[in-house]
Amino acid sequence: MTEEEEQAAERLEAARRLFAGPVDFMLSAPGLQHLPSADVPEVAFAGRSNVGKSSLLNALANRSGLARTSNTPGRTQELNFFAVGAPPVLRLVDMPGYGFAEAPKDVVRRWRFLVNDYLRGRVTLKRALVLVDARHGLKEVDREVMTLLDRAAVSYRLVLTKADKVKATELAAVQAATAAEARTHAAAHPDILATSSAKGGGIAELRAAVLEAVEP
Ligand code: GDP
């Protein structure tokens, strides 16, 4: 193994160990006054409704039922916090899904206010992961969220979900197209991770990317 490969293997192992330990639901914050104290670094997960965010959080934490899969528009307008490690090394923040069809205007407005305020004001937020369905690639509403993150100066990474649903050649094409677009956004990481909660592909790498985001 080269030194670089050895370091990569060490990072994967450190992340595996971290997520094999305690991952605990902390609280649901319907507004900024309900946030937990800002004393642990946070990594936030965003994505269109049904992108596979809950499944990915559960796969990351290696347990089912941690993140609830509820897609009822208007019922998921809160930020859910999960502490990873005891004492906590980091927190996962499950942001409400966006882009659901026929969402009432006030729901969309509330989403914008909550998310915008959190993204702009949270000193402990180290990175956001924006999940994108590998079958569909980036949609207009994803681009809007990317622009929101650019403006809030929150560094973020695009993560393809449900990679098992597309052929390898298709996946490579979507990954390349997504990377090309990421390069046009100021705060986006240039590398696109591909994951499958169903088959486990990319989950170890995603754990490492989460841990790396909070390391000094
Ligand atoms: P959320 O609304 O973003 O939290 O999405 P969910 O995690 O509830 O997933 C939405 C749907 O996609 C569910 O039917 C999941 O079973 C399915 N799904 C999620 N991740 C994967 C995956 O990696 N592969 C496959 N084949 N299906 C997935």
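Close amide-amide hydrogen proximity is noted between Ala29 and Leu79, Asn80, Phe81, each under 5 Å apart and 5 or more residues distant or on a separate chain (H modeled in the peptide plane; Pro and chain starts excluded). Residues considered: Gly65, Gly52, Gly200. Largest GNM mean-square fluctuation over the chain, using C-alpha springs under 10 Å, is found at Gly65.
In the chain, the DSSP beta bridges split such that about 35 percent are antiparallel, to the nearest 5. Modelled spin labels at Asn62 and Leu32, positioned 7 Å past Cα toward Cβ, are 3.7 nm from each other.
Could you check what % of the DSSP bridge pairs in region 1-105 are antiparallel, to the nearest 5? Among the beta bridges of region 1-105, antiparallel pairing accounts for roughly 70 percent. Using Cβ point charges alone (K and R +1, D and E -1), the dipole size of the chain about the Cα centre works out to roughly 800 debye. Across the cross-link table entries Lys105/Lys167; Lys139/Lys199; Lys53/Lys105; Lys126/Lys167, which are compared at the Cα atoms, the separations over 30 Å belong to Lys105/Lys167; Lys126/Lys167. Taking amide hydrogens as placed 1.01 Å from N in the peptide plane, the amide H of Tyr98 sits under 5 Å from those of Gly47, Arg48, Ser49, each at least 5 positions away in sequence or on another chain.
Might you work out the accessible area of Ser54 for me, using a 1.4 Å probe with all protein chains in place, and round it to the nearest 10 Å²? Here the accessible area works out near 20 Å². For the chain, which whole-number percentage of the solvent-accessible area (1.4 Å probe, protein heavy atoms only) is attributable to carbon and sulfur atoms? Within the chain, the accessible surface is 51 percent carbon and sulfur.
Taking amide hydrogens as placed 1.01 Å from N in the peptide plane, the amide H of Ala194 sits under 5 Å from those of Leu160, each at least 5 positions away in sequence or on another chain. Between region 96-140 and region 1-73, how far is it from one alpha carbon centroid to the other, in angstrom? For region 96-140 versus region 1-73, the Cα centre distance is 16 Å.
Would you please classify the overall shape of region 3-214 from the alpha carbon gyration tensor, given that a ≥ b ≥ c denote the square roots of the eigenvalues, rounded means a/c under 1.5, and beyond that prolate means a/b larger than b/c while oblate covers the rest? Rounded.
The values are calculated or read from the model by the stated rules, or taken from the named source; none is laboratory data. Predicted model only: the values in this text are computed from it and were never measured. Neighbour counts run over all protein chains shown; Cβ positions are idealised from the backbone, glycine included. Protein only, heavy atoms only, side chains kept; ligands, DNA and RNA dropped before computing areas. Shrake-Rupley method; radii C 1.70, N 1.55, O 1.52, S 1.80 Å.
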